[in-house]
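The values are calculated or read from the model by the stated rules, or taken from the named source; none is laboratory data. Every value quoted in this text rests on a predicted model; they were computed, and no experiment measured them. Because the Cβ atoms are built from the backbone with ideal geometry, glycine has one as well, and the counts that use them run over all protein chains shown.
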Amino acid sequence: MVHSFRSTRRRRALAMLVSAVMAIPGANALAQAAYPDRPVKIVVGFAPGGTNDILARLVAAKLQDRLKQGFVVENKPGANSAIGNDFVAKAKADGYTLLVSSSGGLTTNPILMKSLPYDPVKDFEPIALLGSFPLVVTVPVSLPVKNFAELVQFSKTSKDGRLDNGTPTTSFVLVAETLTAAAGVKFNHILYKGSGPVVTGLLGGEIQVGVLDSPAVITQVKAGKLKALAVTTGKRSAALPDVPTVAESGYPGYDTPIWTALMAPKGTPEPVLTKLREAVSEILKEKDTTDKMHALGLDPGDADSTALGRRIAADIERWTGVAKAANIKPE
């Protein structure tokens, strides 16, 4: 009798355990269907004021309206955005910690930084290409040059043949290197924690040039406080239509855009990724979104995550070649 009672109790306990285990996938599915049911953090690896921060806040506000949950931008600047990127790479893969990353954080940090604590391919899930944009060759109004050709000449006649170039990220360093290689000049690259601080450095005369993302400089350029000499894309920026391209400035064929992407930690559930991709895809097509982006010199992207993954791999290969040609070693 005792033996029978114990056997029955064991069978019930086993049945409850099996039921609990079998219920887990369903519970996960329900949790994913309800996503997001609490605030979502969007990490930016730069100080406020640059393109990544501006785009993150624009998209966060739109996601909040669309998904009826808080999306909060958190800036974690430092180490060429590696601090913020690594934070997200090691975050729980549940969709509640996302990353807005510069192309540099994903494609040039692996080339220019020793012992990078994250792998841009293995540690992240691509969600969407938020936008692409030119860099703008920008100088203080006090610098005695009116165009890119005069900047090249000024650099060649300066005391050591180099100008101080403020830069917030490794990708901007490599774009600047393609410029200087084409023009036959050299820059001293001085690292800042974001495009906003570089603009402050230009205004304060700390540096002589900044090859910077268009949203970060448009306000100061239009106010006459900085001079924009050229843009790095093959066509002129709609936000700065009077600024010639580098190609128009004597370097035919030059075309080097930069981009920003929304990423999640590797292993984030597919239903969560799908919900985010669908929402961001719709956001990037909304007229007020495109109008705001165009006003900042940004071309809206898309939520083709497969294409974004290919782009990351292709850009790593491209920038590896540029770094090798410039004899730039990882530091």
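Against the numbered list (1) assigned to a helix (DSSP H, G or I); (2) over 22 Å from residue 46 (Cβ atoms), residue 173 comes up short only at (2). Could you please give the count of residues in the stretch 175-196 that are in contact with an Asp or Glu (Cβ under 7 Å, 6 or more places away or on another chain) and either crowded, with 21+ Cβ neighbours inside 10 Å or not assigned by TED's automatic domain parsing to the domain that holds residue 215 (or both)? Going through the stretch 175-196 one residue at a time, the tally reaches 1.
When residue 199 is tested against (1) in contact with an Asp or Glu (Cβ under 7 Å, 6 or more places away or on another chain); (2) aliphatic (A, V, I, L, M); (3) over 29 Å from residue 327 (Cβ atoms), only condition (1) is not met.
Evaluating residue 296 against the criteria (1) out of contact with any Pro (no Cβ under 7 Å at 6 or more places or on another chain); (2) under 19 Å from residue 172 (Cα atoms); (3) not β-branched (Val, Ile, Thr) leaves one unmet condition, (1). When only residues in the stretch 146-179 that are more than 22 Å from residue 102 (Cα to Cα) and among the polar types (S, T, N, Q) count, which is modelled with the lowest pLDDT? Ranking the candidates gives 158 first.
Taken together, the residues in the stretch 118-172 that are in the same structural domain as residue 222 (by TED's automatic domain parsing) and charged (D, E, K, R) amount to 7.
Among the residues of the stretch 206-243, those that are small (Gly, Ala, Ser), outside any loop (DSSP other than H, G, I, E, B) and closer than 19 Å to residue 144 by Cα comprise 210, 228, 230.
Just one of the numbered conditions (1) surrounded by fewer than 24 Cβ atoms within 10 Å (Cβ to Cβ); (2) more than 15 Å from the chain's Cα centre (by Cα); (3) part of a strand (DSSP E or B) is not true of residue 93: (3). Return yes or no: is residue 120 assigned to a helix (DSSP H, G or I) and either touching a residue at least 24 places away in the same chain (Cβ under 8 Å) or under 24 Å from residue 296 (Cα atoms) (or both)? Considered against the rule, which asks whether it is assigned to a helix (DSSP H, G or I) and either touching a residue at least 24 places away in the same chain (Cβ under 8 Å) or under 24 Å from residue 296 (Cα atoms) (or both), residue 120 comes out as no. For residue 129, the conditions (1) farther than 22 Å from residue 53 by Cα; (2) among the aliphatic types (A, V, I, L, M); (3) assigned to a strand (DSSP E or B) all hold with the exception of (1).
The set of residues in the stretch 130-174 being surrounded by 24 or more Cβ atoms within 10 Å (Cβ to Cβ), in contact with a Lys or Arg (Cβ under 8 Å, 6 or more places away or on another chain) and among the polar types (S, T, N, Q) consists of 138 alone. Scanning the stretch 280-315 for residues that are surrounded by fewer than 18 Cβ atoms within 10 Å (Cβ to Cβ), among the small types (Gly, Ala, Ser) and closer than 15 Å to residue 129 by Cα gives 281, 307, 309, 313, 314.
For the condition touching a helix residue (DSSP H, G or I) at 6+ places or on another chain (Cβ under 9 Å) and within 27 Å of residue 87 (Cβ to Cβ), residue 201 does not qualify. Whether any residue in the stretch 197-204 is more than 19 Å from the chain's Cα centre (by Cα), under 23 Å from residue 77 (Cα atoms) and touching a residue at least 60 places away in the same chain (Cβ under 8 Å) is what I want to check. Yes: one or more hits.
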